[in-house]
Amino acid sequence: MDETLSLLTSDMHLEPDGENTCNPILNGKTLGNVPLNGAQSDFIPISEVVLPNGKKMKVLKSLLTSACERNCYYCPFRAGRDMRRATFQPEQMAQTFMAMQKAKLVEGLFLSSGIAGGGIRTQDKLLDTVDIIRNKYQYKGYIHLKIMPGSEHAQVERTMQLASRISINLEAPNTARLEQLAPKKTFTEELLQPLIWAEEIRRNQSPHQTWNGRWPSSVTQFVVGAVGETDLELLATSEKLYRQSSLQRAYFSAFSPVRDTPFENLPAEDPRREHRLYQASFLFRDYGFGLEEMPFDDTGNLPRETDPKLAWARTHLLTPLEINRATRTELLKIPGFGLKAVETILRQRRLNKFRDLGDLKKLGILADRAAPFILLDGHSPARQLALF
Ligand code: SF4
């Protein structure tokens, strides 16, 4: 069983989970690959995820089966690729996870699957697994469950009743790009539709049959940089999903070629692009920016060298803002001010005026970054100039 799990968890680092991109825990001296049942040869990569509340959690990330009948061009599990495959039956997977959880090796589960026998059948197997974990073993912790392409409405609803978080990976920002990445998936019917259903269920149905009395959030993932899609395409789709489908998070995974796939000779995407896309998507998710305010160049891409908020401020915040009077909306647009910093400023300025950068710094705020764009009690803050 250890070997099966080893096969099913390999390459799962490609699937993000949690508030931060998930890191497989690779080294015994940091947090340790954990040998299961003491078998040193069978190392199971335990991943650490950071949840929206900041809590870190060790999670088992696994497939139910690594067999797949689809042929997505970027994927190590694609049909026909020469690799050892493995499959767990729902009860085996449930028992394995519960054993690891009881041994305190993991605190949560991220479960996905290759597609075998169609999306609907595969989703049923995932649901059977989580049903066993929740109802037979009475597990009350974190489960992130994938929704397979082409799942039915009732399956989306059941998944939402059992999971703490659900994900449906769009992979591409639109139909044309998806055809270039994953020719056997259909963008609207198989991928977008379940996300729309999830939001309709959240809005229109009572969560009283969910395992914890709350509907789970939805996340999605895009593969970035394999087929020439622009940042504008990716962010336009993400922004629409944040607005219309209460998406909690869009993940951007910089493409990295996999041996023996049709994309094996394509160059890997620059990881800075992934970083800039995250920064931009947070600007319209959390900071009140509109898509049209993003600093796209003529090709529809963000600058790689500059934080998009800073690039925006350099062309739009030409008149410095008085920190002691600026509205919350205005403060959120100042580079260096995150969500917590803005709340701190709003709270503290009721007690005392901010007069210099030191007043901000002693509250842990990145004041130097904000300095060119602000006034403190009517004055531009004195800054230490860079020596070079
Ligand atoms: S459906 Fe999923 S597992 Fe199968 S080839 Fe595509 S991305 Fe890979």
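The values are calculated or read from the model by the stated rules, or taken from the named source; none is laboratory data. Nothing here was measured: the structure is a model prediction, and the numbers come from that model. Cβ coordinates were reconstructed from backbone atoms using ideal geometry, including for glycine residues, and neighbour counts include every protein chain displayed.
Among helices (runs of 4 or more DSSP H) entirely within region 274-388, having at least 3 residues that are farther than 30 Å from Ser246 by Cβ singles out 357-361, 367-370. Within region 153-166, can one find any residue that is under 18 Å from Ala67 (Cα atoms), crowded, with 20+ Cβ neighbours inside 10 Å and in contact with a helix residue (DSSP H, G or I) (Cβ under 8 Å, 6 or more places away or on another chain)? Within region 153-166 (the criterion being under 18 Å from Ala67 (Cα atoms), crowded, with 20+ Cβ neighbours inside 10 Å and in contact with a helix residue (DSSP H, G or I) (Cβ under 8 Å, 6 or more places away or on another chain)), the answer is no, since none of the residues qualifies. Has region 253-263 got any residue that is part of a helix (DSSP H, G or I), among the hydrophobic types (A, V, I, L, M, F, W, C) and within 17 Å of Ala226 (Cα to Cα)? Scanning region 253-263, I find no residue that is part of a helix (DSSP H, G or I), among the hydrophobic types (A, V, I, L, M, F, W, C) and within 17 Å of Ala226 (Cα to Cα), so the answer is no. For region 159-181, state whether one or more residues are more than 13 Å from the ligand (Cβ to nearest atom), farther than 23 Å from Phe222 by Cβ and either in the same structural domain as Leu234 (by TED's automatic domain parsing) or over 18 Å from the mean Cα position of the chain (by Cα) (or both). For region 159-181, residues more than 13 Å from the ligand (Cβ to nearest atom), farther than 23 Å from Phe222 by Cβ and either in the same structural domain as Leu234 (by TED's automatic domain parsing) or over 18 Å from the mean Cα position of the chain (by Cα) (or both): present. Figure legend. Inter-residue proximity from region 88-103: first residues closer than 10 Å to Thr129 by Cβ, second residues part of a helix (DSSP H, G or I) and small (Gly, Ala, Ser), beta-carbon distance below 9 Å, spacing 6+ or different chains. Indicated pairs: Phe88/Ala94.
Within region 197-251, the set of residues being of a type in the set (Asp, Glu) and either closer than 17 Å to Tyr278 by Cα or buried (at least 22 other Cβ atoms within 10 Å of the Cβ) (or both) comprises Glu229, Asp231, Glu233, Glu239.
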